[in-house]
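Worksheet: one structure, shown below.
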Amino acid sequence: MGEVLFGSLLIVLGLTLFIQGLEMGLFPIGEAMAQALARKGSLFWLLAFAFALGFSTTVAEPALIAVAAKAADIAGRGGLIDPGVESLAQYAFGLRMSVAFSVGLAILIGVMRILRGWPIHYLIIGGYVLVMLMTIVAPKEIIGIAYDAGGVTTSTITVPLVAALGVGLASTIRGRSPLTDGFGLIAFASLLPMIFVMGYGLIVFR
C-alpha cells in the first residue's frame, strides 16, 4: 500500500509539472506561431504547419505507442498477423503512422474550417456517419482499436498545442471569435483516427 501511495504521489506531481511546463512553454509557442503565420497570409505554410503539428505531436504520444505495441502483440497471438518480431513492429508502426497522419489531416481540416467559417456540426455529423458506416464493413478485430485510437490522440501533448493553434488563429483572423471558432479542432483529432484505423484494418486483415 505504501508503494502504491508513493507511486500515485509521483504520478500526480509529475503530471502537474508537465502540464505547467506545457502552459508556460508550448502553449504560448503554438499560439504565437499560429498568429504569425496568419498575419503573413501564406495559406500553404499555415496548412503545412497545422498538419505538421498534428502529425508530430501524435506520433510522439506515449499512449499511442503503448496501444499500438499492445495491439500488435494481441494480433500476433491471435493469428491475425505473423507473430515474428519484424511483423509485429511493422504492424505497430503502420498503426501509429495511420493515426498520426489522420490527426495531421484532421487539424488541417479544422484550420480550413476556421479560415472559411464552415459550420462545425455539419463536419462532425458527416464524420460520425462515416464512422458508423465503416464500423459495419470493418473487420471486428480492428473496431475496438479504432475507437480507442480516437481517445489516445487527445492526451497531454496534443491537446494544449492544438487548442493554442485554434485560439491563436481565431484571435488573429478578422470576423472570427476565439470562443465560438477557436475550438473544435480536438473533435476532428478524435474523429479521423477512427476512420483511418478502420481503413488500415481493411487493408491489413483482408
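The values are calculated or read from the model by the stated rules, or taken from the named source; none is laboratory data. No experiment lies behind these values; they were computed from the predicted model shown. Glycine gets a Cβ as well: all are built from the backbone with ideal geometry, and neighbour counts include every protein chain shown. Accessible surface is based on the protein model in full, side chains and every heavy atom, while ligands, DNA and RNA are left aside. Shrake-Rupley method; radii C 1.70, N 1.55, O 1.52, S 1.80 Å.
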Can you give me the ranges of the helices (runs of 4 or more DSSP H) entirely in the range 77-179 with at least 3 residues that are modelled with pLDDT of 90 or more and open to solvent by 20 Å² or more (accessible area, probe 1.4 Å)? 85-116, 120-137
Filtered residues of the range 1-44 (kept if in contact (Cβ under 8 Å) with a residue 40 or more places away in the chain and acidic (Asp, Glu)): Glu23, Glu31
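To keep it simple, each residue is scored yes or no on (1) closer than 19 Å to Thr58 by Cα; (2) of a type outside the set (A, V, I, L, M, F, W, C); (3) in contact with a helix residue (DSSP H, G or I) (Cβ under 8 Å, 6 or more places away or on another chain).
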{"residue": "Ile143", "(1), (2), (3)": "no, no, yes"}
{"residue": "Val159", "(1), (2), (3)": "yes, no, yes"}
{"residue": "Ala170", "(1), (2), (3)": "no, no, yes"}
{"residue": "Ser190", "(1), (2), (3)": "yes, yes, yes"}
{"residue": "Met194", "(1), (2), (3)": "yes, no, yes"}
{"residue": "Ile203", "(1), (2), (3)": "no, no, no"}
Pairs please, first residue from the range 101-120 and of a type in the set (Ser, Thr, Tyr), second anywhere and surrounded by 20 or more Cβ atoms within 10 Å (Cβ to Cβ), Cβ atoms under 6 Å, 6+ apart in sequence or on different chains. Ser102/Leu192; Ser102/Pro193; Ser102/Phe196
Which numbered condition in (1) over 20 Å from Pro28 (Cα atoms); (2) at pLDDT 80 or above is the only one that Leu185 fails? (1)
